[in-house]
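Here the structure is laid out as structure tokens; the discussion comes afterwards.
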Amino acid sequence: MRAIPVIALRGMTVLPNSTKFFDISRKKSIAALEAAMITDQKLFLVGQKSPDVADPSQEHLWDIGTISEVRQLIKMPGGIIRVMVEGKERAHLLDLDISDTMLTGQVEPAPLEEDMPGEAREAMLRVLKDKLTEYAQGNPKMGREKLPELMMVQDLTELMEQIGSEIPWDCTVSQELLEAESECELYETLVRRLMIEIEVGQIKQEFQSKVKTHIDKNQRDYVLREQLRVIRKELGEEGPSDEAEEYLERVRKLKADKETKDKLTKEICRLRAMQASSQEANVLRNYIETLLELPWKKYSKDNNDLSHARAVLNEDHYGLEKVKERVLEYLAVRVLTKKNSGSVLCLVGPPGTGKTSIARSVARALNKKYVRISLGGIRDEAEIRGHRKTYVGAMPGRLAEGLLQAGVGNPLMLLDEIDKVSSDYKGDTSSALLEVLDGEQNMRFRDHYVETPIDLSQVLFIATANTTETIPAPLLDRMEVIEVNSYTENEKFHIARQYLVKKQLEKNGLKEGWLSISDSALRKIIHNYTREAGVRSLERRIGDICRKAAMEYLEQGKSEFQVKEDQLEKYLGKEKVSFEDANEKDEAGIVRGLAWTSAGGDTLQIEVNVMPGKGELLMTGQMGDVMKESARIALTFVRSICPDYQVEDDFFENHDLHLHIPEGAVPKDGPSAGITMATAMLSAVTDSPVDAKTAMTGEITLRGRVLPVGGLKEKVLAARMAHIKKVLVPDKNRPDIGELSPEITKGLDIKYVENMGQVIEEAFACQTEPVSEGHGTERNGI
């Protein structure tokens, strides 16, 4: 018994006196290989019972394996090592030591028992060679390459070992051979397996013979049909089939250009010459049906009444005034030019803000057919352009399918989630959309299945997206972006009162008047039970109340429900959302920042602590790379101005700064917290408190300039929710603040800053003039 490094093999077995190649990538396997190379290059190779187990224990391994010697190592890309080994002897795995680094086993050699007399060995040798010859007849390649060598072997044990290694057995068969305890058992297993392989080979040949006979019969039938067709043509008896005649009649009535009709006529003539039951005829029949059903020159009449369009948009949506105005301008241009204006609208905003419903309202306002095409997760270019009809199961692309669904050539097509298309080895989906959305090209859009140009110039395309960052620049350039921003709490209240409550009452089977929700209760649901940019969660909470009311109606017979603010806990449980208010006390090293999230705005409390150390900056709170760079820039700026605030020259050599942003489980990134981090660092270094009622946002440069940022509406809303009094924003964002409604900025003192000097002046609670000459030894307030 000896201790030896162990490698667990997946899907293969190494037999004694055989040479094998295999790849390893698991850390424990690589460590075992390295340990073997340091000593005598010996390994114990044992197969796994199931290849799916990533970290096997002894119960996952076979009891019998092979002690092998490493002959060659090749390092491959991706951390893979290719190993050539030579099997030496069978061995039992008695015990397996599993450490964190590698597998080590206690193994005991288990040679085959020689239990056969000389006469029996000679008979067995001849039987094995006969079976090998029979096996080689069904496997010509093996017969040519290996059989002569095997037939020269005169020792039974050697022949059995060579047969085990030369024939491509399944790994379970190889393991069965390895587990044979004696030469007699190994011989019986080999003969049985050879007979099974011979029988399988004979059955396979029978199947191949039957298939060949069937193919020959089809070819014969085709030749006879062609001869019959020629004979009938010579006799003048050939006439069009009823099906082909019906298709030709539909082509004559079809409103399409000459190119399309010629293509259809040609394909129908091909169909007429085919056997009706053939596979190719079925493919061609589907193709002809598709082309006949496409609306080539069939258009619906639009409603060009702009006042009607405005009324529909106002009826379906509350707020979104700028979005509605831009949509109406777009429609006005279409009415005047009597054609599409060329640009494609792309509604960009957080989830649940009504982008899809706006497109549906535009379709209703214009009396257009509405087709929604979901692009989320599409990776194959063929989803847009279609598959060529030569492929089995080919079908048109989604745009051609949309026209078939609409039945007219001028529907409104909503390209939903256009920011979530992706690409793979089958093509780039976004590149295929370039032709679709380009008004100069889409009048002759070619679908691979249809093959004939399709006119998409009369289609009104509207796209939706949650962000423009993932949309390729050439595709974004073909669209006009309209931002659909987050809703304020007041807007959410009106949306719920006018739309959502009625919708949920109807959806849950409650009659009008059965359930009423007070204004104060509705506002509390918005404030304390939802936190989002849109209204989807709000609608779900109203639906929860309606479902509980429906249950009470059936169980208790109540038909009038009045939900007030103090009853919400009964229907919705404890409050789900709490907003972190501004701190009551001014503190050093704590500054309130403003952040944009997909669910709206939020406030971030940035904390900085100073401690003895060696001048390191520690950053925690799941900060992204951009945010970490911004923190380093902020530290560099603070160090550059510290001499003006009587900070000791060697202060940063003897102290560490630890910057932390709470809610460490939430990833954070972006440069807009630059001035917030700089203010917090300066406050901590100088031990000067910062006004707790002040929040700020802005990117900082090395020289202290404040650069503009985005998401101002959501950030200002978040400041109001946290009861902030003063908000510092970059001076270059002045136009963005000017576009906000008074409802959002009411009660906020918004200060515009161009540099860090102005930030410091506005942010610090107690302020003294910076010292311009000399550096003191005490840390004074700013």
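The values are calculated or read from the model by the stated rules, or taken from the named source; none is laboratory data. This is a predicted model, so every value here is computed, not measured. Neighbour counts are summed over all protein chains in view; Cβ atoms, including those assigned to glycine, are modelled from backbone coordinates with ideal geometry. What goes into the accessible areas is simple: the full protein's heavy atoms, side chains included, and nothing from ligands, DNA or RNA. Shrake-Rupley method; radii C 1.70, N 1.55, O 1.52, S 1.80 Å.
Quick look at the values:
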quantity	calculated
Length released on extending from residue 336 to residue 120, taking residue separation times 0.36 nm less the Cα-Cα span	67.5 nm
Cα-derived Rg to Rh of the stretch 528-670, Kirkwood definition	1.22
Calculated FRET efficiency for the pair residue 282/residue 158, C-beta based, R₀ 56 Å, to 0.05	0.40
Linear extension gain, residue 405 paired with residue 556, 0.36 nm per residue minus alpha-carbon span	49.7 nm
Estimated [θ] at 222 nm from DSSP helical runs (n ≥ 4, -39500 (n - 2.57)) normalised by residues in the chain, nearest 500	-13000 deg cm²/dmol
Alpha-carbon centroids, the stretch 354-409 and the stretch 579-652: separation in whole Å	49
Between the stretch 114-136 and the stretch 1-19, the alpha-carbon center distance in angstrom	27
Extreme residue, positive dipole direction of the chain, given options 461, 421, 637 (C-beta unit charges)	461
Among 35, 675, 402 - extreme Cα towards positive end, dipole of the chain, charges at beta-carbon	402
Trypsin sites (Lys or Arg not before Pro) within the stretch 402-497, DSSP loop, no more than 13 other Cβ atoms inside 10 Å	426
Inter-part distance where the stretch 252-293 and the stretch 505-524 are each reduced to a Cα centre, Å	57
Accessible area of residue 440 in the full protein assembly, 1.4 Å probe (Å², nearest 10)	150
Heavy atoms of residue 471 accessible to a 1.4 Å probe, total area in Å² rounded to 10	10
Per DSSP, loop trypsin sites (Lys or Arg not before Pro) in the stretch 613-705 with at most 11 further Cβ within 10 Å	614, 703
Crossing angle, helix 118-138 versus the chain [Cα axis fit, 0-90 degrees, rounded to tens]	60
Which labelled figure in [x] 22; [y] 56; [z] 33 is percent of Cα pairs over 47 Å apart, once derived from the coordinates	[y]
Accessible surface, the stretch 597-689, averaged per residue in Å² (probe 1.4 Å)	43
Accessible area in square angstrom per residue, the stretch 258-320, 1.4 angstrom probe	56
Helix 519-528 axis, angle to the chain major axis (alpha carbon atoms, nearest 10°)	50
Local electrostatic count at residue 39 - Lys and Arg +1, Asp and Glu -1, tallied over other residues with Cβ under 13 Å	-1
Under-5 Å amide H pairs with residue 601, H placed in peptide plane, nonlocal only	718
Three-way shape label, the stretch 78-150, alpha-carbon gyration tensor, a/c 1.5	oblate
Positive dipole terminus of the stretch 505-613, leading residue within 549, 525, 603 (C-beta point charges)	549
Prolate/oblate/rounded label for the stretch 702-765 (Cα gyration tensor, a/c 1.5)	oblate
Dipole in debye (nearest 20) - the stretch 2-136, about Cα centre, beta carbon charges: Lys, Arg +1; Asp, Glu -1	640
Amide H partners (placed H, <5 Å) of residue 61, local residues excluded	49
Simple Cβ-charge dipole of the stretch 532-634, Lys/Arg +1 and Asp/Glu -1, about Cα centre, in debye nearest 20	320
Charge context of residue 640, other residues only, Cβ under 14 angstrom, K/R +1, D/E -1	+2
Tilt relative to the chain, helix 258-272 - C-alpha long axis, 0 to 90 degrees, to 10	30
Summed side-chain charge close to residue 654 - residues other than residue 654 whose Cβ falls under 10 Å, Lys, Arg +1, Asp, Glu -1	-3
From phi via Karplus (6.51, -1.76, 1.60), per-residue ³J(HN,Hα) for the stretch 653-660 in Hz, x at Gly/Pro	7, 10, 9, 9, 10, 10, 9, 10
For residue 454, solvent-accessible area (1.4 Å; no DNA, RNA or ligand), Å²	10
Mean shadow area of the stretch 358-479 over all directions, Cα convex hull, nm²	7.5
